[in-house]
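The values are calculated or read from the model by the stated rules, or taken from the named source; none is laboratory data. This structure is a prediction, so every number in the text was calculated from the model and none was measured. Here Cβ is always computed from backbone atoms with ideal geometry, including for glycine, and neighbour counts include all displayed protein chains.
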Amino acid sequence: MIQVESLSVFYGERVAVQNATLIAPSGTITAIVGPSGCGKSSFLAALNRMTDLIPGARTEGTVRIHGQNTYGDDISPALLRRSIGMIFQKANPFPLSIRQNLQLALREHGVRQRPELESRTEAALRDVGLWDEVKDRLDQPALRLSGGQQQRLCIARAIILEPRVLLMDEPCSALDPIASAHVESLIQSFKGRYTILIVTHNLAQARRLADHLAVFWYEGEAGRIIEQGNATELFDNPQHPTVAAYLAGQRG
Ligand SMILES: Nc1ncnc2c1ncn2[C@@H]1O[C@H](COP(=O)(O)OP(=O)(O)OP(=O)(O)O)[C@@H](O)[C@H]1O
Ligand SMILES: [Mg+2]
């Protein structure tokens, strides 16, 4: 499970996320929603220590993933990122072949035997429903795939390393409705297998997918979680007036 306690993210003097606390049990989907600029992406980046890579960025608070302190002295960020898959709004395949996109990461993590490389490539592509579409052109450039196919390839590239956690930052928002539905049902099929945090601006999608819902908002300059809970209960009976207006489509 993911346990985040009093997490704050700073860019220089500015607070992007203040005191966010959240628990995501293993195998569940947590949707993160809220208006633009309220710190959703910053929150995800801090879980993965991607914030380490941003000059001037700094975090406070604790993050435990399956009991392990993400910011502990004994943590290797490389191993951490292997156990956490990350998917972004814009599909970002490497400008390489479909096969290389998947096998590069495996090779980096020490898989060298051709039969294992090939079998894991096929398994990952089957998992994301791409195998039949691409099995005859694995050596063609990934960038020739459609947007939806590229996003599924990026998801395959994330899961091929057998992560336990998937962080998804608006994975469907650059896709047309059909490709979006396809990726959404893929995410749904991952329930129970990965612990998923997904940022989405699509409240209907959050409602369909999420077990747990966290609503971010700004208070002053800083983003905070202003309400969270069981997704069905929160959609049906929000307590915070701002959240009620937002979920009803009247704000944000
Ligand atoms: N690298 C950065 N350097 C400085 N400020 C940043 C950086 N990234 C984000 N911010 C600021 O932190 C705040 C939160 O941004 P963030 O991208 O986390 O919001 P968001 O909720 O993901 O928004 P959106 O819904 O538009 O993606 C914003 O005010 C943003 O300008
Ligand atoms: Mg964002």
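Quick notes
- Restricting the range 49-61 to residues that are within 18 Å of ASN19 (Cα to Cα) and buried (at least 17 other Cβ atoms within 10 Å of the Cβ), the residue that is nearest to ligand 1 (Cβ to nearest atom): ALA57
- Condition check for ARG64: more than 16 Å from ligand 1 (Cβ to nearest atom), surrounded by fewer than 19 Cβ atoms within 10 Å (Cβ to Cβ) and in a strand (DSSP E or B): yes
- Among the residues making up the range 16-52, those that are over 19 Å from VAL243 (Cα atoms) and away from ligand 2 (no atom under 16 Å from the Cβ) are ILE23, ALA24, PRO25, SER26, GLY27, THR28, ILE29, ARG49, ASP52.
- Checking every residue in the range 196-204 against the condition of being surrounded by fewer than 20 Cβ atoms within 10 Å (Cβ to Cβ), within 16 Å of ligand 1 (Cβ to nearest atom) and assigned to a helix (DSSP H, G or I) gives at least one match.
- Failed item in (1) part of a loop (DSSP other than H, G, I, E, B); (2) free of Cβ contacts under 8 Å to residues at least 60 places away in the same chain, with GLN100 passing the rest: (1)
- Test: ALA46 is crowded, with 17+ Cβ neighbours inside 10 Å, within 23 Å of LEU79 (Cβ to Cβ) and within 14 Å of the chain's Cα centre (by Cα): yes
- Test: ASN48 is free of Cβ contacts under 8 Å to residues at least 24 places away in the same chain and among the polar types (S, T, N, Q): no
- Complete set of residues in the range 105-143 that are within 20 Å of PHE88 (Cβ to Cβ) and surrounded by fewer than 14 Cβ atoms within 10 Å (Cβ to Cβ): GLU108
- Pairs with Cβ under 8 Å, 6+ apart, first in the range 128-148 and aromatic (Phe, Trp, Tyr), second modelled with pLDDT of 95 or more: TRP131/GLU122; TRP131/LEU125
- Output for the range 20-39, where each listed residue is more than 11 Å from LEU167 (Cβ to Cβ) and within 15 Å of ligand 1 (Cβ to nearest atom): ALA20, LEU22, ALA31, VAL33, GLY34, PRO35, SER36, GLY37, CYS38, GLY39
- Criterion applied to GLU170, GLU116 was being among the acidic types (Asp, Glu) and either more than 28 Å from LEU203 (Cα to Cα) or in contact with a Cys (Cβ under 8 Å, 6 or more places away or on another chain) (or both), and the one residue passing it is GLU116.
- Looking across SER173, SER180, one residue alone is surrounded by fewer than 20 Cβ atoms within 10 Å (Cβ to Cβ) and in contact with a His (Cβ under 8 Å, 6 or more places away or on another chain). It is SER173.
- Within the range 131-164, being among the aliphatic types (A, V, I, L, M) and more than 30 Å from LEU47 (Cβ to Cβ) holds for VAL134, LEU138.
- Selection count, the range 205-239, where residues are part of a helix (DSSP H, G or I) and in contact with a strand residue (DSSP E or B) (Cβ under 6 Å, 6 or more places away or on another chain): 4
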